[in-house]
Each structure stands twice: as C-alpha cells, then as structure tokens.
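Below: one structure, written as structure tokens.
Derivation of every value follows stated rules applied to the coordinates shown; laboratory data play no part. Bear in mind that the values here come from a model prediction, so they are computed numbers and not experimental data. Quick reminder, even Gly has a Cβ in these numbers, built from the backbone with ideal geometry, and neighbours come from all protein chains shown.
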Number of protein chains: 2
Amino acid sequence: MSPAILVTGGAGYVGSHTVMTLLERSDNSEYEIVVVDNLTNAYRSDGEKKPEPLKRIEEMTGKNIHFYDIDIRDKEGLNRIFSSHNIECVIHFAALKAVGESVEKPLEYYQANISGTCTLFEAMRKYGVYKLVYSSSCTVYGEPEKLPLDEAHPTGRGLTSPYGKSKYFCEEIMKDLCRSDPKWMIISLRYFNPVGAHKSGRIGEDPSGLPNNLMPFISQVAVGRLKELLVFGNDYPTIDGTGVRDYIHVQDLAEGHVKAIKLFKQTEFSGFHAVNLGTGTGYSVLQMISAFEKASGKKIPYKIVARRAGDIAANYADVSLAHRLLGWRATRTLDDMCRDTWAWQRANPAGFRS
Amino acid sequence: MSPAILVTGGAGYVGSHTVMTLLERSDNSEYEIVVVDNLTNAYRSDGEKKPEPLKRIEEMTGKNIHFYDIDIRDKEGLNRIFSSHNIECVIHFAALKAVGESVEKPLEYYQANISGTCTLFEAMRKYGVYKLVYSSSCTVYGEPEKLPLDEAHPTGRGLTSPYGKSKYFCEEIMKDLCRSDPKWMIISLRYFNPVGAHKSGRIGEDPSGLPNNLMPFISQVAVGRLKELLVFGNDYPTIDGTGVRDYIHVQDLAEGHVKAIKLFKQTEFSGFHAVNLGTGTGYSVLQMISAFEKASGKKIPYKIVARRAGDIAANYADVSLAHRLLGWRATRTLDDMCRDTWAWQRANPAGFRS
C-alpha cells in the first residue's frame, strides 16, 4: 500500500487548503491523502459522497482523495480507516472552533476537542502511527505579557474560552504523551489569524452563520451578504484604537504543514515542538478594511461598537522558530490576503452553496 | 421514587467511606444510595455482585446500596442508571489516581478522568441533574507560592503529572459549565492527603501493588507485608528535612462531602465553588512514622532514598473557607488517623482480599 497522510477535519477551512497544497506539490505525490471529517463545518451537496471543497480539489488537481464521513470520537470508525490505509502521519485539524459558541456549549467543545483528540491518539498508537501535526492556536498564550509572542511565552494563563482552553489542554496532553513514549513526534502549529483563500478562488473560508472572524465578515459585507461591518472597540492602545492581529494567508499556513511533515523524515527529530505560524506583523481592523477596499474596489461600511469580552488589544508572532525549525516563512502580503479572499467571495457569494 | 445520591467511584477508598457516612447518618435516610464503579480500584470476590467494601457497608448499616458495574464513559450505561433512579445529586469520585502511573499512561488518565467526567456531565444535563460534588485535589495548586494554601492560590501552574493536570482540567471544565448555565451547582473539594479508615476497621485504603502514598506504605510495613519504608528525600527545607503534608482523616473527608450536599438545599447557592479539605496542619514523614509506631506498637524500619521527581517540600491547607461555606472542620487527630489505619490494616493484612 502507498504511504498515506491522514488529515482530520480535512474538509474545513485550513484543512482543505492543506489538502490542496499536499496534492498540488509534486514532491508529495508519493502520498495518498485520506480525509476524515464529520461535516460539522463543511458543506456537502445532497446525494454527494464527498464534501464540496474536496470535490473541487479533486477537479483542480485531477487526484483522488479518500474521504470518510466519520467523527473522530468514533473508535471503530477510526480503526476502519487506520486498517484500510498505510497511514504514515496525521495532520489533526478536526475540532470545534468558534470562541463565542464554546462559551455557550463547553461540554460539546471539550468532548469534540479533548475526547476526540485522545481517541485519535489511541487509534494512532494502536496502529503504530506516532507522527502528528496538530492544529493549535495563538489563543493558548492568553493575554500577551510581551510582544511579539514567542513559543517560550507562558501558555494556559487567563484563558477565557473553552475553545482556547481545549487547545491548551491538548498541547499539555501531547507533551505528556511525548514524555511517556519517545516514539511520538509531534509538531503543534500555533496559528495566528488565518485568512485568504486558494488563488484559484474555488476554495476558501465558508463560515456558517454570522462570521466570528474579521476577514469573512468584511468580505461578506463587500459581496452584499451583510449590510455593515461591526468593529468591536476603537479605544485599544493600538495604532488607531482598533484591535491588531497577525493575519496569515491560509496558503502560507498550508505550506507550514507540508514543511512540518518533511521534518518527520529527519530521524533525529522527536518529542513535542510548538511552533508559531504568523507573518510577524500585526495589522489593525481599520488597516484591514482599507486594504480590502483597495483589493475589491468596494466601500466597506462599518460601525464602531463595544469591545467584545475576552478580546485583547494586539498580538503578533515571533516567527523565527518556524524559520529555524521548519525552514518556513510566510511570503504572502496583506494585499495578497485581501485579493484572494475577494476572488473567492466574489465567485462564491454564498460560499460552497453557491 | 425516593430521591437518590449517585456516587461514582463509590467502591474506592474515599468513595466507600463517603457512602458509609451517608448511610450511617440518620439525617440522610431519605436518600437511596446508587454507586457506579468500574472496579479498577475496588475488589470484588468471585461470584459476588457487589464489591467487597459495599458488601461490608451493607452488613454494618443494614441498608441496601444500588450498585452498577459500569464505566462512566459508557453513555448508555449512565442513561440506564439515571432513568432507573430519582437522582438528585452526584458525588463524583470515579477517576484514575496514581500520580506515577499517570506519567506512564497519560492517554488512559485523560480518557478516564476528562472524557469520563464530560460523559457524566452530559448524562446529568440530559436528566436535569445539576448538583455535583467533585473529588479534586490540592495537586491543582502545583508548587505552593505561599503556605498555607488558600483557594485563591493560582491553579494549573507547573503541574508535573497527567493526574494533577486532569484534576485541574476538570475544574476548568466545571467553571465553564457553570458560566454556561446557572442551573449548575458544583462544589469541588480539594483534598489534601486522605489517610485513615472507618473506626470499625472493616473498610479502609486498599491500594493494588506497591502503595504510592505514605500511610498505606507505613501500615503495610507495620503488618509485615513490606520489609521497610522508603523515605524519599531528607534534605527538604522542613522541620526534619522530610516532606510535610496535610494529612486528613478519611472520615473527616467523608463528612465534608455530606456537608457539601447539605449546601445544595440552600436555594441561593449556585455556580462553581472550590473548597480545601485538610486539617490546616502539616506533618513530616518522620513525624508520621513516629505517630504510627506509637499507635501500632510496631517499629517501622525505614531507609532514606533520593527525592521523587515532582515532589514538593511542604503543603498544608488554609481551611477557613470549608468552615465558612460548609460549616465543616476536621476533628480527628494524627493519632486517630494512625490508630484507625492500624485497626484496618491489622484486621485486613491483605486488604479486602483478607
């Protein structure tokens, strides 16, 4: 059997772009791609076997993706996948990810994100698969003690949402796993703020309901799905009073995952490594609006409203470890992020349902 | 149906003493007692339906205990219990608890202690049961920043074992649960070092394998099951160089749980409350040895060996909140703890298998 990469949550936003990048690049052609996704955050047309993003990726690349509509908490389902493919490593995206919703539904978040992850790890161990790339978040740092945030910054302090805690807890579990058995090789990628879309405009971010994140909110205003953008607070101690974040192009992010997998080939590598993925530069909400207006040629009406509970003023990454360890660096600019988001949104005003 | 208290892990050490206390005291006679235990840390004789500690409690009290040999991760099993009884509140002891073992088997610990607890909470919510007493530990404080430890001391920092982290994670999950829904009433009892046994000498601590904790180690040496006690380090900055802990009689601890349940009757109570259960006084290993020698009339040979990784020099509780909130205070002395441990150990040299 050919070696395979298992991508959990591979039909979601970052997951699908990573699958696309894996299939686009000829140096990964040795691998089969196996996706498991319970379709919580991915659209599938009636009567179709595969979710829409994966269908489009297959069309664009001419390659096949093995797809399983299974929840990672389903032990038997995972056994079926691991016994049907020669899985060499796992990229684990599958998780619930809406910060606000997690406050309303903590049990659902902990069960999906913690129990699900532990069940996946048990299956990996059972089938002798010890190589893992984990989808973590800068949320684990809580309120920054200093900027830029490097990987030595304390984690887990003052976390305000079950979502953020679930990412932190998973990192702690993975550290313990690596301490218990040196066979584990785990890279936890701490994403800053993923935005943008594949340059084809055929796959992109497709949030259900009102977007929680700035970029899809802006682009849905630009395309006319929403009337105006809400800007949560303009009295932060930042360049223009609005929140500053380290936005990173999802294609750069996807390439970070591919680089992480290459690291597994180095036999001296083992244990748990947390690595920031960002550009290292922060932009404010108003700067984003302005860049998006330039890219789209559309005016983005916005209204300043109260700060959201739990939001911080600014964060951006120290990205030197990603360069040193993975040989990776973000190459796409804010203008690229806006252009590609707009291309996706314009071509797919209602997301994958378009 | 009569109201019932569900005790998870009710056949274990602290669980069985709490069940005994609930059944002994006439003011709890309105309640049926339902125990769920997967028998990981409880002995059941061949051919018997109920584990030995529960059988003995039934003999001593003349009362019936409903027993289910079910793992709390078994959703259907929990549904069966909740639909068969009129459960009013839950005392949740069920967990894996060996610090050293947890370092070897982190996944097993996280699955049992986190996934198990979340599955229990889902069942409680499903059946409209929102009152919970949780079995927590002073381990959540990590290395003390100051002594005595009060409940405002930071938790979760520098925890060295998956066991300790699992207790901390569960506390965070319960806080989030209470924030998400004001119906929840949760008291998390942070035990210091439970020792001793019921005064009858018929139930007590019965560790499988080499004891991890000091008191059962001492008593097994006293009864001749072990040759000598290992004392891990005598160069700590304490009264005699050996580790200092806040030992608390398991009967005092059990009474703390009963007091917590009484608090649920106060309608103004809601949310998450963490409460220390200790005596407020620390004793060193050498002080414990000496007290046990006095109680048992036996010489306890011991050998000083290297410190254990992760052990701290000293801890003891500020117990004022327990008194204020629960009207509870430990009443039993170190001599009581040693006397009752010895009575149990002498009458049951091989524990419940005797």
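Some observations on this one:
- Efficiency of FRET between B:Ile239 and B:Leu325 - r from beta-carbon atoms, R0 35 angstrom, step 0.05: 0.70
- P(r) histogram, all alpha-carbon pairs of segment B:282-322 included - 5 Å bins from 0, percent: 5, 16, 19, 20, 16, 14, 7, 3
- Modelled FRET efficiency - R0 22 Å, B:Glu104 with A:Glu268, Cβ distances, 0.05 increments: 0.35
- Calculated P(r) of segment B:114-215 - Cα pairs past 17 Å, %: 62 percent
- Relative contact order of chain A, taken over Cα pairs closer than 8 Å and 6 or more residues apart, is 19 percent.
- Longest stretch of chain A clear of exposed loop sites (GluC sites (Glu not before Pro), DSSP loop, at most 14 other Cβ atoms within 10 Å, sites excluded): A:49-144.
- Label point distance in nm, A:Tyr127-B:Asp150, each placed 7 Å from Cα along Cα→Cβ: 5.3 nm
- Coil-residue trypsin sites (Lys or Arg not before Pro) of segment B:150-245, DSSP, other Cβ within 10 Å capped at 11: B:Lys227
- Sorted fewest first by neighbouring Cβ atoms within 10 angstrom, A:Tyr68, A:Tyr163 come out as A:Tyr68, A:Tyr163.
- With a 10 Å cut-off around each Cβ of A:165-171, the average count of Cβ atoms from other chains is 3.
- The rotation axis bringing chain B onto chain A passes closest to the chain B residue reported with its distance as B:Ser115, 2, by C-beta distance in whole Å.
- Low-density loop cleavage sites - trypsin sites (Lys or Arg not before Pro) in segment A:295-332, where at most 11 other Cβ are within 10 Å (DSSP): A:Lys299
- Computed from the Kirkwood radius of its Cα pairs, the Stokes-Einstein diffusion coefficient for segment A:3-353 at 25 °C and 0.890 mPa s stands at 120 µm²/s.
- Cα gyration tensor shape for segment B:2-91, rounded if a/c is under 1.5, else prolate or oblate: oblate
- Gap separating the Cα centres of segment A:110-171 and segment A:232-271, nearest whole Å: 14 Å
- Residues listed by number, segment B:72-92, amide nitrogen under 12 Å from B:Asn64 label point at 7 Å toward C-beta: none
- Rounded if a/c under 1.5, otherwise prolate or oblate - segment A:217-340, Cα gyration tensor axes: prolate
- In chain A, helical runs assigned H by DSSP with n ≥ 4 each contribute -39500 (n - 2.57); averaged across all residues and rounded to the nearest 500, the mean residue ellipticity at 222 nm is -10500 deg cm²/dmol.
- Calculated FRET efficiency for the pair A:Glu293/B:Glu30, C-beta based, R₀ 51 Å, to 0.05: 0.15
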